[in-house]
Amino acid sequence: VWNPDNIYWANKPAFTTEDASTNFKGVTSDCPVYPDSMDWNVTGIVQDWAAGAANHGLVLKSPGETDVDNYRVFTSSEDTDFTLPPTLTITTSGPASAPAVGALAITPALSVDGGVVATSLTPQLAATVSDTAGGDLTGAFEIEHDPAATSQGTGQIWAGDSVAVASGGQATVSVPAGKLTDGWKVRWRARAVNAGASTTSAWSDWQSATIDVPNPTVAAFQVTPSQVVDGGTVATSLTPALRTTVTDPAAQPVRAEFEVEHDPAAPSGQGSGQIWAGAVHDVASGAQASVTVPDGKLTDGWKVRWRV
C-alpha cells in the first residue's frame, strides 16, 4: 500500500504505460476559463482491473519530464481554494442485460386430471420475455418427445424462434404441420434472447403436454334433389347427391365416408343391409363433402337411410 508520508521522487512506485491516456491541454490565467480542468480516459485501465489486473491506483505524470518549465498544478479533494477536486465520471449504457422468461402457455389446450392436453397438431407456444436492459427480445422454443414415452420416439421434435417483441411482451410460435402426431406425449420449453446484447436467459423448466385432437365432425346433411313430405325427406332421383359439411379441429383435410343401407323399418321385400358405400378425399375443414349414389343402386319406392 502506498503511504504518502514516505513516497518521494527517488522511490516512486513502478508503473506501466499500458492503456495510458495523454492530455496536452495547458491552462493559464489568460485563458477564457481559469481555473480549468483536464480529462483523461481511463476506461482501458479500469477494464484491466475488472479483468483481474492488480489495482494499485493511477499515476499522474508528465509525458516528457525533461522540460521542467512546463508544469501543471492540480488540487486535491481537500483543497478549499479552487473547489475543483478530482472527479471520476462513469458513463454506462443502462442496466446490464439480464433476459428472463415466464408465463409459458400452449394453446389450444385443456386441463385434464391435472395435466395439459393440447387439442391441435399445430399448437401455439407462448412465453413472456423481458430484460432489465429493455429493448427487443425473441423467444426460443424447443419441443421434444416425453422421455417417459420412448415408444413414441425420443429427442427433439422441433425448435423455432419467435419474431422480436418489446421487453415484457409475449413471444409466440406455432408448431408447423407434420411435426406432431395425435396421441403423442411431449414436453417443451422456452428461453428469452436479447440479440442486441448477445445475452439469453436460462431455459425454462420443461412443460409437459399430451396431444389429443378431437375427432372431425359432420353436420348440415343434405340429399339433392329432394323434398320434405310429412316431415320426411323424399329423394326425387335414383342417383341423388349426399352432402355434408366436415370440420376438423386440427384444420386438416379429411376423408368423408358415406354409407347407404336399407331402412330396417321398411316393408319386407325391399332388402336389408348395406346398399352402397363411397368416400371423397382431401376435403378441406369447413367445406362441403359430396358424393353421388351410382346408377343402379336404388329403386323407386325404397325406404333407405344414410350416414357419414
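Laboratory data are not the source of any read-out in this text; all were calculated from the coordinates shown. In this text the structure is predicted, and so the values were computed from the model without any measurement. Methodologically, a virtual Cβ is constructed for each residue, glycine included, from the backbone with ideal geometry; neighbour enumeration extends over all protein chains shown.
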Between Thr17 and Trp203, Cβ-based FRET efficiency (R0 30 Å, step 0.05) works out to 0.05
Most exposed to least, judged by fewest other Cβ atoms within 10 Å, Leu125, Leu60, Leu137, Leu238 sort to Leu60, Leu238, Leu125, Leu137
Length gained if Asp36 through Ala51 is fully extended, taking 0.36 nm per residue and subtracting the Cα-Cα distance, is 2.1 nm
So, over other residues within a Cβ distance under 10 Å of Glu259, counting Lys, Arg +1 and Asp, Glu -1, the net charge is 0
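Which FRET efficiency, nearest 0.05, do Leu88 and Val68 yield, Cβ-Cβ r, R0 22 Å?
That pair, Leu88 with Val68, gives E of 0.15.
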A student asked for the Cα radius of gyration and Dmax of region 1-140 in angstrom ought to give 28.7, 89
Quick note on Ile45, Ile90, ordering by fewest other C-beta atoms within 10 Å, gives Ile90, Ile45
In Å, the C-alpha Rg and Dmax of region 104-158 are 14.5, 44
Residue span Ser77 to Thr239: 0.36 nm per residue of separation minus Cα-Cα distance leaves a gain in nm of 47.8 nm
Here the FRET efficiency for Glu259 versus Thr122, based on Cβ atoms and R0 = 41 Å and rounded to 0.05, is 0.85
In whole angstrom, the spacing between the Cα centers of region 1-68 and region 189-237 equals 72 Å
Per the rule of 0.36 nm per residue minus the C-alpha distance, extending Ser111 to Thr299 adds in nm 62.5 nm
What helix-only [θ] at 222 nm does the chain give? Using -39500 (n - 2.57) per DSSP H run of at least 4, over all residues, to the nearest 500, the answer is -500 deg cm²/dmol
Stokes-Einstein D for the chain (25 °C, 0.890 mPa s, Kirkwood Rh from Cα pairs), in µm²/s, comes to 87 µm²/s
Log10 I(q)/I(0) at q = 0.14, 0.17, 0.21 Å⁻¹ for region 99-211, from Debye over equal alpha-carbon scatterers, is -0.54, -0.76, -1.06
Rounded to the angstrom and largest first, Cα extents along the principal axes for region 217-307 equal 44, 25, 22
Quick calc of log₁₀ I(q)/I(0), region 120-279, Debye, one scatterer on every Cα, no solvent, q values 0.11, 0.15, 0.16, 0.21 1/Å, result -0.66, -0.88, -0.95, -1.29
In debye to the nearest 20, the charge dipole size for region 189-260, taken about the Cα centre with +1 at each Lys and Arg Cβ and -1 at each Asp and Glu Cβ, equals 340 debye
